[in-house]
Amino acid sequence: KAGVTQTPRYLIKTRGQQVTLSCSPISGHRSVSWYQQTPGQGLQFLFEYFSETQRNKGNFPGRFSGRQFSNSRSEMNVSTLELGDSALYLCASSPSGHTDTQYFGPGTRLTVL
Amino acid sequence: AQSVTQLGSHVSVSEGALVLLRCNYSSSVPPYLFWYVQYPNQGLQLLLKYTTGATLVKGINGFEAEFKKSETSFHLPKPSAHMSDAAEYFCAVSPYNQGGKLIFGQGTELSVKP
């Protein structure tokens, strides 16, 4: 099976812009989670989608949003970008979440100038 | 709130030496626990996980971890380090009844000297 894919791999944006990141899960996986990784804050949970519904949400401002499509592909959007949004954004998929192993994609490196 | 603490942000050992990566969790109920490894410019790869049952868990690359409820620990020892083990290691907990959410520790960067 193909692994989790994320596009694009690298992005450079300027403050105030918005950005959309995409994640394609492993075939058959219905849970997709998003994480932000920074040197200062480490790995932080953004949100999880399961069957097109947001099931869990982390402590991030409303500028961070996401959605999941019927084929389980997911997108996350960040509006009004700030310098502090520069990070590696990782998505992970699993069959149903819970105790399932989460399989991570390679991430999207976002740089905000 | 549940949390994970990894002792030591950097660990350096010689090749062939014992490695011990430490992880403690806080949880009112036994959680599900995971160790992930991240190589440079890559995503995270599962090393091993504990859900229920046997407290000694075997993973990939010769790693094992022991769940100790009395100590709220899930340390990751390896008897003999290889150069290929150099990476960043993350301990994570899946809170009870919160779907696919993982709470990660701050990570431990392992360096292996020849």
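Here, each number is a calculation from the coordinates, and none is a lab measurement. All of these numbers come straight from a predicted model, not from anything done at the bench. Counting neighbours? That spans all protein chains shown, and the Cβs are built from the backbone with ideal geometry, glycine included.
Taking the inverse of the average 1/r across all pairs of different Cα atoms in the protein assembly as shown, what Kirkwood radius in Å do you get? It would help to have the intermediate numbers written out before the result.
On the way: mean 1/r = 0.0555 Å⁻¹.
Radius from the Kirkwood sum: 18.0 Å.
What residue among B:S73, B:S94, B:S12 shows peak mean-square fluctuation when chain B is described by a Gaussian network model with Cα springs under 10 Å?
Among B:S73, B:S94, B:S12, the largest GNM mean-square fluctuation belongs to B:S12.
Once the mean 1/r over all distinct Cα pairs of the stretch B:1-64 is inverted, what Kirkwood radius in angstroms do you read off? Numbers along the way, then the final one.
Details: mean 1/r = 0.0727 Å⁻¹.
Value: 13.8 Å, from the Cα pair sum.
Note down, for the stretch A:1-110, the three equivalent ellipsoid semi-axes (square root of 5 times each alpha carbon gyration tensor eigenvalue), biggest first, whole angstrom.
On the way: eigenvalues 97, 38, 34 Å².
With the √(5λ) rule applied to the stretch A:1-110, the semi-axes are 22, 14, 13 Å.
Based on the alpha carbon coordinates of the stretch A:1-59, what radius of gyration and maximum Cα-Cα distance (Dmax) apply, in Å?
Final numbers for Rg and Dmax: 13.3, 38 Å.
Given an 8 Å cut-off on Cα distances and at least 6 residues of separation, report the relative contact order of chain B as a percent. Working shown, then result.
Numbers: 281 pairs, mean separation 42.3, N = 114.
Relative contact order for chain B comes out at 37 percent.
Which residues does a label at A:S22 reach in the stretch A:64-84, if reach means a backbone N under 20 Å from a point 7 Å past the Cα toward the Cβ?
Inside the label zone: A:65-79.
Among B:N61, B:N24, B:N41, which one shows the highest mean-square fluctuation when chain B is modelled as a Gaussian network with alpha-carbon springs under 10 Å?
Most flexible of the set in this elastic network: B:N41.
Return the average number of partner chain Cβ atoms within 10 angstrom of each residue Cβ along peptide A:33-44.
3
When Cβ neighbours within 10 Å are restricted to other protein chains, what is their mean count per residue of peptide B:101-107?
Working: counts 13, 8, 4, 6, 2, 4, 4.
Mean number of neighbouring Cβ atoms from other chains: 6.
5 Å is the cut-off here: which amide hydrogens, built 1.01 Å from N in the peptide plane, fall below it relative to B:E109, excluding neighbours closer than 5 in sequence?
Amide H neighbours of B:E109: B:H10, B:V11, B:Y89.
Going by C-beta contacts inside 10 Å, put A:E75, A:E52 in order with the fewest on the left. Spell out each step's value before the answer.
Values: A:E75 17, A:E52 13.
Result, fewest neighbours first: A:E52, A:E75.
Most exposed first by the Cβ proxy, i.e. fewest other Cβ within 10 Å, how do A:H98, A:H29 rank? Working shown, then result.
On the way: A:H98 17, A:H29 22.
Placing the least packed residue first, the sequence is A:H98, A:H29.
Within 10 Å of each Cβ of A:95-105, how many other protein chain Cβ atoms are there on average? Spell out each step's value before the answer.
On the way: counts 1, 2, 6, 9, 9, 6, 5, 10, 4, 7, 3.
Mean shielding by partner chains, rounded to a whole number: 6.
Would you mind calculating the relative contact order of chain A from Cα pairs under 8 angstrom and at least 6 residues apart, reporting the percent as a whole number?
Numbers: 290 pairs, mean separation 41.2, N = 113.
That works out to 36 percent.
Average projected area of the Cα convex hull of the stretch A:68-113, in nm²?
Values: hull surface 16.9 nm².
Mean projected area of the Cα convex hull: 4.2 nm².
Less than 15 Å Cβ to Cβ from A:G62, Lys/Arg counted +1 and Asp/Glu -1: what total charge do the surrounding residues give? It would help to have the intermediate numbers written out before the result.
Details: positive: A:K57, A:R63, A:R67; negative: A:E82, A:D85.
Around A:G62, the charge tally is +1.
Can you tell me the convex hull volume per residue for the stretch B:7-114, based on C-alpha atoms, in Å³ to the nearest whole number? Could you put the intermediate results ahead of the total?
Values: hull volume 10.6 nm³, N = 108.
Convex hull volume per residue, Cα atoms: 98 Å³.
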